[in-house]
């Protein structure tokens, strides 16, 4: 089945790429999660729009990626969350919460899919995460979770 990817899929391609995959993979994984749309002749216009949006979001050069990495690693990232009496959170800190905290601390728009946290953040305190800024450039950030 021929598809147009709407976001990056590891091992397959990035947004705007036209890929051919097995029917089951497309029907059961890519299409329900909106990682891809069915390819059509009219879809070529959508490909151009997706690629323009991707290039606007992407960090273009390696030097700029290194600047962003330095800025992320130097930033004080604080996430406020509701906490119970024992210091455990009601729920956990999500990648969306981390992206919002990064935006408020640094002003940078980071793709939430590039954030990798080891385990789940469910207690107050300092935690670490990795942010994939560019191909081969990964920032190690420190996240401070405090009671709201």
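No lab work stands behind these numbers, since they all come straight from the coordinates. All values derive from a computational prediction rather than experimental measurement. Reconstructed Cβ throughout: ideal geometry from the backbone, glycine too, with neighbour counts over all protein chains shown.
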Can you tell me the 0 to 90 degree angle between the C-alpha axis of helix 95-106 and the longest principal axis of the chain, rounded to 10?
70
What percent do you get for the relative contact order of region 69-115 when only Cα pairs under 8 Å and 6+ apart count?
35
Can you give the angle from 0 to 90° between the axis of helix 62-74 and the longest principal axis of the chain, with both taken from C-alpha atoms, to the nearest 10?
30
Percent RCO, i.e. relative contact order, over the chain, from Cα pairs under 8 Å lying at least 6 residues apart
20
note: region 96-144, Cα-Cα separations exceeding 12 Å make up a percent value of 64
Within 10 Å, count the other beta carbons around each residue, average over each peptide in 20-27, 69-76, and list them highest first.
69-76, 20-27
How far is helix 43-57 tilted off the main Cα axis of the chain, in degrees rounded to 10, range 0 to 90?
30
Calculated FRET value between residue 90 and residue 130, using beta carbons and R₀ = 30 Å, to 0.05
0.70
Before anything else, pin down the relative contact order of region 2-57: Cα pairs under 8 Å, at least 6 apart, normalised by residue count, whole percent.
40
Report Rg (one decimal) and Dmax (nearest whole number) for region 2-57, counting Cα atoms only, units Å.
10.6, 33
